[in-house]
Amino acid sequence: MREPPRRILVTGASGFVGRHLLARLAAGFPDAELRCPTFDVRDRGAVEAAIGESRADVCVHLAGIAAPSAARQDSDTAWQVNLHGTLHVADAIQQRLPRCKLLFASSADAYGASFRADRPVSEAAALAPLNLYSATKAAADLALGSMARQGLHVIRLRPVNHTGPGQSAQFVVPAFARQVARIAAGLQPPRIEVGNIDTSRDFLDVRDVCAAYAACVSRADDLPPGTILNIASGEPRRIGDMLTELLLLAGVAADITVDMARVRPDDLQATAADASLARDLLGWAPTVPWRQTLQDVLVDWRARVVSEQQGQA
């Protein structure tokens, strides 16, 4: 932005990404008020009231069902939160704070079948979701693109998979780290059951993702409404290698067995996204070494395992 924002509204601030983002925004915008009201995005009236009262210059919309497994288990809630909740936020901004810039945390997972190309996908690639979670994010992403042509100043950010300390075991890296920490603590046998670990995914540290979001906040005035930015490393990482490195970092050995019930025959072999536009427009690039990311996730789960032990004592 040409002038630093005075008030920044963050939805979903208590979530995994939200906690990291608040720390980043507090450091990057020390004079700004960070507004983190608690409301249900499915409640249109509550959303309108919170948006209006915030008087925000920028709204970073993170609130959503983030785990594909959770979306699959409760599809109605996933659609209500990820699509309709997002539209409630966008409508409220148009009606109550038309000068507010909306930064929407979409997902590169929405590219789906477009990842089958032999190169990292750009923002021009078609959204072709392959699961319910990515379908809800794609629908919201497309709807906001339409609203941008009606005057909503929205920027759509499409991050790839991201992880880091504080993430739940619903996601692959912390799921591995939790088991590795439990094995190291003698709380489970040295055996880990996995699905297809020969697939590769573009991964980032959550702190790099939040750095991109913060850079977007600072440049929101200069980005045209409807702008789409991939937030990615562009480098697929093999899932099995992540598990191997976590075991090495923990100094433990374990038998790794494939549970065929966890293997999806139509799973994508590899995903990667091209973030050159974010580099050009935001001056952003990932800086956290991947080994540091894994180390920090492992340290986090070792502490959680100790806490679990103490709670059971």
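The values are calculated or read from the model by the stated rules, or taken from the named source; none is laboratory data. Keep in mind the model is a prediction, meaning the values are calculated, not measured. Here the Cβ is made from the backbone with ideal geometry for all residues, glycine too, and neighbour counts use every protein chain on show. Accessible surface is based on the protein model in full, side chains and every heavy atom, while ligands, DNA and RNA are left aside. Shrake-Rupley method; radii C 1.70, N 1.55, O 1.52, S 1.80 Å.
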Tell me which DSSP H helices of the chain clear both cut-offs, 20 Å or more of axial length from alpha-carbon atoms and a mean Kyte-Doolittle hydropathy of at least 0.5. 132-148
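What does the accessible area per residue of segment 226-274 come to in Å², with a 1.4 Å probe and no ligands, DNA or RNA counted?
Value for segment 226-274: 50 Å² per residue.
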Round to the nearest 10 and report in Å² the accessible area of Trp79, as given by a 1.4 Å probe over the protein chains' heavy atoms. 80 Å²
Three principal axis extents, largest first, for the C-alpha atoms of segment 131-277, in Å? 57, 32, 24
Write down Rg/Rh for segment 179-259, rounded to two decimals, with Rg from the C-alpha atoms and Rh from the Kirkwood relation over Cα pairs. 1.18
Full-extension gain in nm, Glu53 to Asp76, via 0.36 nm per residue minus C-alpha separation: 5.4 nm
Cα gyration tensor of segment 31-153 - equivalent ellipsoid semi-axes, whole Å, descending: 27, 17, 12
Segment 8-48: relative contact order in percent, alpha carbon pairs under 8 Å with at least 6 residues between: 42 percent
Can you give the net charge of the other residues whose Cβ lies under 15 Å from the Cβ of Ala253, counting K and R as +1 and D and E as -1? 0
Check Ile65: other-chain or 5+ apart residues with amide H under 5 Å from its amide H, H built from backbone geometry? Asn82
Unit charges on C-beta of K, R, D, E only; dipole of segment 146-239, Debye: 220 debye
Alpha-carbon radius of gyration plus Dmax, which is the widest Cα pair, for the chain in Å: 19.7, 59
The summed charge of the Ala175 Cβ neighbourhood (under 14 Å; Lys/Arg +1, Asp/Glu -1) stands at +2
Cα atoms only: what Rg and Dmax, in Å, come out for segment 149-222? 18.0, 58
Magnitude of the Cβ-charge dipole of segment 159-210, K/R +1 and D/E -1, about the Cα centre, nearest 20 debye? 240 debye
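Provide the net charge surrounding Gln95, with neighbours chosen by a C-beta distance below 13 Å and charges set as Lys +1, Arg +1, Asp -1, Glu -1. Display every interim value, and only then the final one.
Numbers: positive: Arg44, Arg96, Arg99; negative: Glu48, Asp91.
Around Gln95, the surrounding residues sum to +1.
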Pop out the ³J(HN,Hα) list for segment 270-286 in order, Karplus 6.51 cos²θ - 1.76 cosθ + 1.60 with θ = phi - 60°, rounded to Hz; leave Gly and Pro as x. 7, 9, 7, 10, 8, 10, 5, 5, 5, 5, 5, 8, 10, x, 9, 7, x
Probe 1.4 Å - accessible area at Glu193, Å² to nearest ten: 80 Å²
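Rounded to the nearest 20 Debye, what is the dipole magnitude of the chain about its Cα centre when Lys and Arg each give +1 and Asp and Glu each give -1 at the C-beta?
380 debye
Let me have the 222 nm mean residue ellipticity of the chain computed from DSSP H runs of 4+ only, each contributing -39500 (n - 2.57), with the sum over all residues rounded to the nearest 500.
Computed mean residue ellipticity for the chain: -13000 deg cm²/dmol.
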Accessible surface of Cys36 - all protein chains present, 1.4 Å probe, nearest 10 Å²: 50 Å²
Please compute the contact order of the chain in relative form: average sequence separation of alpha-carbon pairs under 8 Å and at least six residues apart, divided by the residue count, as a percent. 20 percent
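Roughly to the nearest percent, how much of the accessible area of the chain is carbon and sulfur, given a 1.4 Å probe?
Details: 6800 of 13970 Å².
Heavy-atom surface of the chain belonging to carbon and sulfur, 1.4 Å probe: 49 percent.
With every protein chain present, what is the per residue accessible area of segment 91-131 (1.4 Å probe, Å²)? Intermediate results must be reported in sequence, preceding the final value.
Numbers: 1950 Å² over 41 residues.
Per residue, segment 91-131 has 48 Å² of solvent-accessible surface.
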For the residue pair Arg191 and Val288, what label-to-label distance in nm results when each label sits 7 Å from Cα along the Cα-to-beta-carbon direction? 3.4 nm
The ³J(HN,Hα) series, computed from each phi in segment 189-204 with the Karplus coefficients 6.51, -1.76 and 1.60 at θ = phi - 60°, rounded to the nearest Hz and given as x for glycine or proline, is x, x, 8, 10, 8, 10, x, 7, 9, 8, 6, 10, 9, 6, 10, 9
Sorted from largest down, give the three principal axis spans of the alpha carbons of segment 17-102, whole angstrom values. 42, 29, 18
